[in-house]
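The next block holds one structure in the form of C-alpha cells; read it before the comments.
The values are calculated or read from the model by the stated rules, or taken from the named source; none is laboratory data. Treat the numbers as computed from the prediction; the structure is a model and nothing was measured. No Cβ is skipped: glycine too gets one built from the backbone with ideal geometry, and neighbour counts run over all protein chains shown.
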Amino acid sequence: MSTYDIVFHEEVTKYLIYDEFKKFVSDTAIDGVQRVCAEDKETVSSDYKILQNMTCKGGEPSYMTIKVSTGNPLIDNMELENVQTRLEKEIMKDKNQ
C-alpha cells in the first residue's frame, strides 16, 4: 500500500465550497495517481469520501516546495541546499581563523 501527496494551486481552495468542484478536484487527483500506478500495474480505488471538519495532525498543513523550471540553466541546475548565504560564509570564515 502506498501513500501519495497531491498538490493543487492554492487558488483551488477558493472554489472548494461547491460540491461539484470538490468532486472534480478529487477525481482529478485520483486520475493522476492512477496514471502513476498504471506504470507499475497497480490500481487505485475510485471509492472515496471527502472528510468534513478534519484537522491536520500537528495543526495546519505545511506548504510543499515545488521546483519549477525558470528557463535559466544556471538557476535550474542550482542545488539550494549546497548554497551558503553571505552570513554563513562570514561565520565559517571567522570560525576557521
Residues being part of a loop (DSSP other than H, G, I, E, B) and either modelled with pLDDT of 85 or more or of a type in the set (A, V, I, L, M) (or both) - total across segment 1-40
6
Among (1) surrounded by fewer than 10 Cβ atoms within 10 Å (Cβ to Cβ); (2) aliphatic (A, V, I, L, M); (3) in contact with a Ser or Thr (Cβ under 9 Å, 6 or more places away or on another chain), the one test that I6 misses:
(1)
Give the residues of segment 1-30 that are more than 16 Å from the chain's Cα centre (by Cα), of a type in the set (F, W, Y) and over 14 Å from Y48 (Cα atoms), sorted by residue number.
Y15, Y18, F21
Pick out the one residue from K57, K89 that is at negative phi, surrounded by 10 or more Cβ atoms within 10 Å (Cβ to Cβ) and not hydrophobic (A, V, I, L, M, F, W, C).
K89
Quick check, is V25 of a type in the set (A, V, I, L, M), surrounded by 11 or more Cβ atoms within 10 Å (Cβ to Cβ) and at negative phi?
yes
Restricting to segment 60-86, what's the tally of residues that are surrounded by 10 or more Cβ atoms within 10 Å (Cβ to Cβ) and at pLDDT 75 or above?
1
List the number of the failed condition for K95; all other conditions in (1) surrounded by 10 or more Cβ atoms within 10 Å (Cβ to Cβ); (2) over 17 Å from the mean Cα position of the chain (by Cα) hold.
(1)
Just checking, does segment 45-53 include any residue being among the aliphatic types (A, V, I, L, M), part of a loop (DSSP other than H, G, I, E, B), at pLDDT 85 or above and surrounded by fewer than 10 Cβ atoms within 10 Å (Cβ to Cβ)?
no
Starting from residues that are among the hydrophobic types (A, V, I, L, M, F, W, C) and more than 15 Å from the chain's Cα centre (by Cα), keep the ones in segment 31-42 and report whichever is farthest from S2 (Cα to Cα).
A38
